[in-house]
Amino acid sequence: MGPGKVNLKGRDLLSLHDLTPEEVAAILELAGELKEKQKQNIPHPLLAGKTLGMIFQKSSTRTRVSFEVAMYQLGGYALFLNANDLQLGRGETIADTARVLSRFLDGIMIRTYAQSDVEDLARYASIPVINGLTDLTHPCQVLADLLTIKEWKGKLAGLKLAFVGDGNNVCNSLLFGCAKVGMDISVASPEGYKPRQDILRLVNEDAKQTGCRVEIRTDPLEVVAGADVVVTDVWAGMGQEAEQAKRVAALLPYQINPALVSHAKPDYIFLHCLPAHRGEEVVDEIIDGPNSAAWDEAENRLHAQKAVLAMLL
């Protein structure tokens, strides 16, 4: 078992941009191996005796459950750390928190708002730091997405992925992920909701290495045409609740529905990182339909993160 010559021990996972195409491929390979072992009930205590601290400034269903179960199945232990229970909530600096936790733990997963907080934590910690989500990126989710696409389609390079909706953290990480594996990606977002230019500059650098095509458009029909994979996400994420009505009005033409996906390939698959706001970004007929891989995608959070943990810790 293992990712071959790729060695990520002691590394952080802050953004998929930081990984090479070979490193992404190695994580996905190991994720597939660990998934198969789990299904066959073959023990794989690769992290026996290891501990993971999980800092949550944003709540989550999938992130918390998948990381806790991942550490258990790998023979380690996961410690849930609510931000309100840490001295972070009473004025201790991120740097000091990082230094102290590094004396107790083997790794830290943090789910928070600012990407800079994750970067600061990693800067001062002497143990690996894993980005469980920020407002800017969501690397663990997209590793699960890539694993799911690989399972359903048998390959990644040369496929076309269409992301329709808000150019948010999931969109940013999909751009990086597709660029790393050579998958063409087209994004459709209205003006004011497109991915940030600084992100796109980095993505285009990555895309040159693998030869994939990156397109940012306004028309969802153009983006979905001929797509192998169609992806969306909620229109108002955590912390954006006050903008809900404005966002729904702007993004309603970007809803994933039968009329839109009729332009994709007949065997397209639909992905959504969940939770879904049914009737907004996607209708029941699509997310519950035969082309939906959303539930495999949710399960693959566990397997992709097990590979990340096993390789970093």
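Might you report the magnitude of the Cβ-based charge dipole of the chain about its Cα centre, with Lys and Arg at +1 and Asp and Glu at -1, to the nearest 20 debye?
I would put it at about 760 debye.
For the stretch 292-310 and the stretch 163-198, write down the distance between their C-alpha centroids in whole Å.
Centre-to-centre distance over Cα atoms comes out at 20 Å.
What accessible area, in Å² to the nearest ten, does a 1.4 Å probe give for HIS44?
Ignoring ligands and nucleic acids, HIS44 comes out at about 10 Å².
What lysines does LYS155 reach when the alpha-carbon gap must be under 24 Å and sequence neighbours fewer than 8 apart in one chain are set aside?
Candidates past the 8-residue exclusion: LYS5, LYS35, LYS37, LYS39, LYS180, LYS208, LYS265, LYS306.
Gain in length, LEU79 to ARG201, computed as 0.36 nm per residue apart minus the alpha-carbon separation, to one decimal in nm?
Between LEU79 and ARG201, full extension yields 40.2 nm more.
Can you tell me, using C-alpha contacts under 8 Å and at least 6 residues apart, the relative contact order of the stretch 159-263 as a whole percent?
36
Please give the helix 169-181 orientation as an angle from the longest Cα principal axis of the chain, in degrees from 0 to 90, rounded to the nearest 10.
Approximately 90 degrees, to the nearest ten.
Per residue, how much accessible area does the stretch 5-114 show when a 1.4 Å probe rolls over the protein heavy atoms, in square angstrom?
50
For the chain, find the longest principal axis of its Cα atoms and tell me its angle to the long axis of helix 115-124, 0 to 90°, nearest 10.
The helix 115-124 is inclined about 20 degrees to the chain.
Which trypsin sites (Lys or Arg not before Pro) in the stretch 5-44 pass both tests, a DSSP loop state and at most 13 other beta-carbon atoms within 10 Å? Write down the numbers at each step before the final one.
Values: sites: LYS5, LYS9, ARG11, LYS35, LYS37, LYS39; in loops: LYS5, LYS9, ARG11.
Sparse-neighbourhood loop trypsin sites (Lys or Arg not before Pro): LYS5, LYS9.
Would you rank ASP135, ASP117 by solvent-accessible area, highest first, keeping every protein chain in place and using a 1.4 Å probe?
ASP135, ASP117
Starting from the Cα of LYS9, step 7 Å along the direction of its Cβ; do the same at VAL65; then give the gap between the two resulting points in nm.
It works out to 3.4 nm between the two label points.
Rank by packing, highest mean first: peptides 123-130, 273-280, 241-248, with packing defined as the count of other Cβ atoms within 10 Å averaged across residues.
123-130, 273-280, 241-248
If the chain were replaced by its equivalent ellipsoid, with semi-axes equal to the square roots of 5 times the Cα gyration tensor eigenvalues, what would those be, largest first, whole Å?
Taking √(5λ) for each Cα gyration eigenvalue gives 31, 22, 18 Å.
Which value, to two decimals, describes the C-alpha radius of gyration of the stretch 1-159 once divided by 2.2 N^0.38 Å? Walk me through the numbers before you get to the answer.
On the way: Rg = 16.0 Å, N = 159, 2.2 N^0.38 = 15.1 Å.
Dividing the Cα Rg of the stretch 1-159 by 2.2 N^0.38 Å gives 1.06.
How much accessible area per residue does the stretch 168-271 have, in Å², with a 1.4 Å probe?
41
Please list, ordered by chain and number, the residues whose modelled amide H lies under 5 Å from the amide H of LYS160; skip anything fewer than 5 residues away on the same chain.
Hits under the 5 Å cutoff: ASP228, VAL229.
Can you give the extra length, in nm with one decimal, that the chain gains between GLU241 and ALA259 once fully stretched, where that is 0.36 nm per residue apart less the Cα-Cα distance?
Gain on extension, GLU241 to ALA259, equals 3.7 nm.
Set the Förster radius R0 to 30 Å, insert the Cβ-Cβ distance between ARG278 and THR218 as r into 1/(1 + (r/R0)^6), and round the FRET efficiency to 0.05.
E between ARG278 and THR218, to the nearest 0.05, is 0.75.
If a paramagnetic tag sat 7 Å from the Cα of ASP96 along the Cα-Cβ line, which residues of the stretch 51-84 would have the backbone N under 18 Å from that point?
83-84, by backbone N distance to the label point.
Name the long-range amide H neighbours of ILE216: under 5 Å, sequence gap of 5 or more, or other chain; modelled H, no Pro or chain starts.
For ILE216, the qualifying residues are VAL187.
Using only Cα atoms, find the angle between the long axis of helix 21-39 and the longest principal axis of the chain, and express it within 0 to 90 degrees, rounded to the nearest 10.
Roughly 80 degrees between the two axes.
Add -39500 (n - 2.57) for each DSSP H run of 4 or more in the chain, then divide by its residues: what number comes out at 222 nm, to the nearest 500 deg cm²/dmol?
-13000 deg cm²/dmol
Straight-line reach from LYS246: which lysines have a Cα under 20 Å away, not including same-chain ones fewer than 8 places off?
Reachable lysines: LYS194.
Quick one: what does P(r) look like for the stretch 173-313 with 10 Å bins over all Cα pairs, in whole %?
So the P(r) values, bin by bin, are 11, 36, 40, 13, 1.
Measure off 7 Å from each Cα along the Cα-to-Cβ vector at ASP296 and ASN41, then give the distance between these two points in nanometres to one decimal.
Each label point is offset 7 Å from its Cα along the Cβ direction, giving 2.5 nm.
Return the carbon/sulfur percentage of the accessible area of the chain, one whole number, probe 1.4 Å, all protein chains in place.
51
The values are calculated or read from the model by the stated rules, or taken from the named source; none is laboratory data. This one's a predicted model, so the numbers in the text were calculated from it and none came from an experiment. All Cβ positions, even for glycine, are placed from backbone atoms using ideal geometry, and neighbour counts span all protein chains on display. Remember, those area values only see protein heavy atoms, side chains included, never the ligands or the DNA or RNA. Shrake-Rupley method; radii C 1.70, N 1.55, O 1.52, S 1.80 Å.
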